[in-house]
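Peer 1: Here it is, the structure in full.
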Amino acid sequence: MNGFTKKSIGTLTLGEKLKKIRSERRISLSDVSRNTNIQVKYLEFIEDGIYDKLPADVYVRGFLKSYAEFLNIDENALIKLFEKEKEIKKNFHLSKSKKENGKNNFKFLKPLKINSFVFTPKIIAGTLITILVIAGFVYLYREIGSFASVPKLVVLSPEQNAVISGSSILVEGITDRDAKLSVNGQPVVVNDEGNFRESLILQSGSNVISVKSVNRFKKETEEIITVQAVFEENNSEDETENANAQKENLQTEGVNLEIRVDAGPVQISVESDGNLIFNGTVLSGGTQTFSAKEKIVVDSGKASGTFIKFNGKDIGTLGEKPNAIKGVTFTKDMKY
């Protein structure tokens with residue numbers, strides 16, 4: 001006998017892989033749920049491989065995407081593994097069903113009969129006309145159904161009455177791919193699969209988020225979500241002095257811009273030294289600070305509702321009218 005020992009090589013399932021990564025990083029399911037807004041029971045179903053209790057696949061893909069982003073792993077690998085395992089389970093159940101019902105599946109061969117039916121131009125024409133009529137009825141039925149129904153709208157995050165620690169939040173979900181979607185009145189892009197996501201700047205306390213989907217027949221679905229934003233306050237005098245010193249240095253050396261929205265929401269886009277650093281919707285009362293070495297360029301969906309502080313000095317709004325404004329540039333050499 002040789003000195004080698006046989007070992008079995010196993011392949012981890014999707015749930016086992018997620019559970020292993022979680023255990024190695026000492027992360028609980030509650031931690032995952034809190035950071036991804038996925039209900040704990042769905043996380044348990046995924047890890048235990050109980051796929052028949054999960055919602056539709058499109059939602060599960062969204063769960064896996066958020067889970068992967070939180071763990072900082074490849075989302076495509078998780079989705080492919082999920083689809084593979086689900087197909088294996090489906091084939092297993094079909095095979096088992098056929099095996100159970102296969103005892104009485106033997107059939108005797110029947111005598112071959114020659115059909116005397118012959119296709120004629122008249123029969124072919126009649127068949128084509130029948131197919132066209134049926135197709136027309138199906139199309140009309142679908143159009144009438146679309147006209148009568150409201151668009152699908154599922155907001156995956158945030159959850160109703162969620163408590164957010166910070167000044168920003170990501171709103172994401174699923175709707176009809178041809179629908180027009182808006183978050184607090186601001187248009188949001190919907191991709192070819194019907195997915196959408198938008199970053200919002202919150203104000204301290206209660207924030208109301210309105211997500212509305214309108215289809216081509218002007219039918220609409222709206223979800224109203226309320227979240228609580230809690231901002232962490234720094235009560236240390238030393239840290240406050242250091243922050244003020246850093247702010248004074250930044251004002252001297254570069255560009256420091258504070259953007260505040262009043263009578264929002266307002267769509268804001270900010271570039272710092274040629275790099276896009278923010279593009280999202282800012283709610284009424286929301287404030288955001290940006291810095292750059294050379295210049296900052298601001299786009300706003302409502303000039304009169306966008307207030308600016310440049311290097312610590314309040315310079316008012318971007319414009320007097322409530323229309324959109326683009327390309328407003330602030331450089332370190334500007335004087336106010």
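Peer 1: Within 30 Å of residue 222 (Cβ to Cβ), at pLDDT 70 or above and not in a loop (DSSP other than H, G, I, E, B): is that true of residue 66 in this structure? Lay out the reasoning, then the answer.
Peer 2: Details: within 30 Å of residue 222 (Cβ to Cβ): yes; at pLDDT 70 or above: yes; not in a loop (DSSP other than H, G, I, E, B): yes.
Answer is yes for this residue.
Peer 1: Only one of (1) at pLDDT 80 or above; (2) outside the structural domain of residue 171 (by TED's automatic domain parsing); (3) not small (Gly, Ala, Ser) is not met by residue 225, so which one is it?
Peer 2: (2)
Peer 1: Name every residue in region 176-187 that is surrounded by 18 or more Cβ atoms within 10 Å (Cβ to Cβ) and free of Cβ contacts under 8 Å to residues at least 24 places away in the same chain, in order of residue number.
Peer 2: Kept after step one, since they are surrounded by 18 or more Cβ atoms within 10 Å (Cβ to Cβ), are these residues of region 176-187: 176, 179, 181-184, 186.
Result: no residue meets the conditions.
Peer 1: Six or more apart or on different chains, Cβ atoms under 6 Å: show the pairs whose first residue is in region 14-41 and free of Cβ contacts under 8 Å to residues at least 24 places away in the same chain and surrounded by fewer than 16 Cβ atoms within 10 Å (Cβ to Cβ) and whose second is hydroxyl-bearing (Ser, Thr, Tyr) and outside any loop (DSSP other than H, G, I, E, B).
Peer 2: 40/33
Peer 1: So, one more: Residue under question is residue 86, and the condition is that it be modelled with pLDDT under 80 and not in a loop (DSSP other than H, G, I, E, B); does it hold? Break it down stepwise before answering.
Peer 2: On the way: modelled with pLDDT under 80: no; not in a loop (DSSP other than H, G, I, E, B): yes.
For residue 86, the condition - modelled with pLDDT under 80 and not in a loop (DSSP other than H, G, I, E, B) - is not met.
Peer 1: Could you tell me whether region 140-151 includes any residue that is touching a Leu at 6+ places or on another chain (Cβ under 7 Å), surrounded by 13 or more Cβ atoms within 10 Å (Cβ to Cβ) and modelled with pLDDT of 90 or more?
Peer 2: Step one: filter region 140-151 for residues touching a Leu at 6+ places or on another chain (Cβ under 7 Å), giving none.
No, every residue in region 140-151 fails to be touching a Leu at 6+ places or on another chain (Cβ under 7 Å), surrounded by 13 or more Cβ atoms within 10 Å (Cβ to Cβ) and modelled with pLDDT of 90 or more.
Peer 1: Has region 293-307 got any residue that is surrounded by fewer than 17 Cβ atoms within 10 Å (Cβ to Cβ), outside the structural domain of residue 210 (by TED's automatic domain parsing) and more than 30 Å from the chain's Cα centre (by Cα)?
Peer 2: To start, the set of residues in region 293-307 that are surrounded by fewer than 17 Cβ atoms within 10 Å (Cβ to Cβ) comprises 293-294, 307.
Those left that are additionally outside the structural domain of residue 210 (by TED's automatic domain parsing): 293-294, 307.
Pick out the ones that are also more than 30 Å from the chain's Cα centre (by Cα) and you get 293-294.
Yes, region 293-307 has at least one match.
Peer 1: Let me ask something else about it. Looking at 317, 289, which one is more than 19 Å from residue 187 (Cβ to Cβ) and surrounded by fewer than 14 Cβ atoms within 10 Å (Cβ to Cβ)?
Peer 2: Values: 317 fails: surrounded by fewer than 14 Cβ atoms within 10 Å (Cβ to Cβ).
Only one candidate qualifies: 289.
Peer 1: Check residue 257 against each of (1) modelled with pLDDT of 85 or more; (2) part of a loop (DSSP other than H, G, I, E, B); (3) under 26 Å from residue 327 (Cβ atoms); (4) not basic (Lys, Arg) and name the one condition it does not meet.
Peer 2: The number of the failed condition is (2).
The values are calculated or read from the model by the stated rules, or taken from the named source; none is laboratory data. As the structure is a computational prediction, the values presented were derived from the model and not from experiment. Note: ideal-geometry Cβ built from the backbone for every residue, glycine included; neighbour counts use all protein chains shown.
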